[in-house]
1. What's the local net charge at Ala206, with K and R +1, D and E -1, over the other residues with C-beta under 11 Å away?
2. Which aspartates and glutamates, on any chain, are close to Lys56 with Cα under 20 Å apart, when same-chain ones fewer than 8 places away are left out?
3. Under 5 Å between amide H atoms, partner at least 5 residues away or on a different chain: which partners does Tyr144 have, H built in plane at 1.01 Å?
4. Is the C-alpha gyration tensor of the stretch 87-185 telling us rounded, prolate or oblate? Criteria: a/c under 1.5 is rounded; beyond that, a/b larger than b/c is prolate, otherwise oblate.
5. So what's the chain giving for Rg/Rh, alpha carbon basis, Kirkwood Rh from the mean inverse pair distance?
6. Give me log10 I(q)/I(0) at q = 0.12, 0.13 Å⁻¹ for the stretch 236-374, Debye formula, one equal scatterer per alpha-carbon, no solvent.
7. Would you tally the net charge around Asp278, using a Cβ to Cβ cut-off of less than 12 Å, leaving Asp278 out, and scoring K and R as +1, D and E as -1?
8. For the stretch 89-144, what ratio Rg/Rh do Cα atoms give with a Kirkwood hydrodynamic radius?
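The values are calculated or read from the model by the stated rules, or taken from the named source; none is laboratory data. This is a predicted model, so every value here is computed, not measured. Virtual Cβ from ideal backbone geometry, glycine too; neighbours counted across all protein chains shown. These area figures cover heavy atoms from the full protein model, side chains too; ligands, DNA and RNA do not enter into them. Shrake-Rupley method; radii C 1.70, N 1.55, O 1.52, S 1.80 Å.
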Amino acid sequence: MITRRTFTAGAATLLAAGHISTRARAATVSWDMSTVWPDGNFHTQNAMAFAEEVKKQTGGAVAITVKAGGQLGFKGPEHLRAVRDGLVPLADVLNIQQVGDEPFMGVESIPFLCGSVEELKVLHKYVRPEYEKIAARNNQKILYIVPWPTQYLHLKAKVADVEGLKNIKIRVPDKNAVEMLNAIGMAAVMIPWGETIPALASGAVAGVSTSSVSGVDGKFWEFLKYVYPTNHVWSSQMLTVNLDSWKALSADQQKLVADIAAKMEPGFWANSLKADVDSLNRLKEGGMEVVPVSDAMMTEIRAKTAPQLDAFLKRVPAAPAPLRILLDGIDRLGRLDGWIGGGCLLMLTLLMLCEVATRFLSNFLPFFPPTISIAWEYSSYLMAASFTFGAAMTLRVGGHIRVLLLLKNAPAPVQRALDILSAAAGFAFMAFLTSAMAKFAFGAYVRGQVSTSSDTPLWFPEAVVTFGMLLLTLQFLARAIQAVLGLPLEDHRMKASPVE
């Protein structure tokens, strides 16, 4: 007879089994692409041209809608996370604004690291593989990268030397630029692009560090008078796609879209150079004066900002070799942990299906036993193992439920301190719990305890659960080390694709 308990367990198990299915590949996809830049900006025009070419060559199977001017509500510094978490399938990500999550993304904003677009191309040969790794770690793929033109100081006041820049309040897009301009005596304020024009209009700032293109976008001639071609830093926009969305494409579609991006990227770089010339002319037409920067002034700016290279290297550390070996080893154990947890869940599902089938058939076939005697006992063991073995890998990909209200709104140093504290607390708690569970399992072994229904030695399932707890303990240790060293805390490459 099928009892309510049996029916409930069977139904739940069948539902769970239904989710362990291969996701059907969508024949067509429709993606929104987020960008904070307006329709007339050359980056937005690049994206629109790319979207049109993709639509054309895929016969409309891959449709990209460019949402310009921040229509989707995401600010520039939020784009890496938004794509990572699947809040938007594509975004035009400004690399230097993502340093809160990935410090290496600020490499182009090291003052005077590159003196020309040709030098920037050389730099990209070396940093692009690192950008690709960062994107993969954040659950996304880079389709193309296009730099902004050279950077200028757009000011209300006319100055002849570094002393004249002192205490001028200026808007900058990222933390590295704050440090650079503060080093030469200015009062730098980090403001997202969407808030820059109101800041100029209200007088909150008297200058902006950005490209000539952005100067035209913001009609700077309505607020500022002078342009200084300091060419102090670079930055790039990266069009990235969420990996889960990317996997919804067929292999042929993926290759086609990637090939289109690679083919169009050099033309987009050329558009950047042209946009700089055209925009600088437009600023002049609007009434702004381009003021040449004297050699003496440039020499002093370079000297005052030179320490930023060492500061960047300290801020973007690589783990020492022994720690790197340890962290990589824990990551491998984390992957093993996930596979074991998945295996336990699969066995649990099969066991419950067999139990339901046995109880059902026993109603019609007398020789069928009414139940599998070990079903409920072993299902509890497998359930406990699934939870404990899945925990470490879930922590590594950032999948545990967390309340981020405080962390999200805290300054970067406070965020780092809270990450270190929480990881250390998690490690201490799990170390205690693992130790207690190990003693518990050892005690069961010494006393020869067995289960009442199947005579299974209890130390064995208890040891399995203890091993899962140990892996979670090690993952908390790795997280604490990563937080102390300023390394990324999560690796989204380890995250499983969603099933539907």
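1. Values: positive: Lys156, Lys169, Arg171, Lys225; negative: none.
Result for the local shell: +4.
2. List returned: Asp32, Asp252, Asp259, Glu265.
3. Leu239
4. prolate
5. Values: Rg = 28.6 Å, Rh = 26.3 Å.
That ratio equals 1.09.
6. Log10 I(q)/I(0), no solvent term: -1.03, -1.08.
7. Numbers: positive: Lys274, Arg282, Lys284; negative: Asp276, Glu285.
Summing Lys and Arg as +1 and Asp and Glu as -1 gives +1.
8. Values: Rg = 11.6 Å, Rh = 12.1 Å.
Dividing the radius of gyration by the Kirkwood radius yields 0.97.
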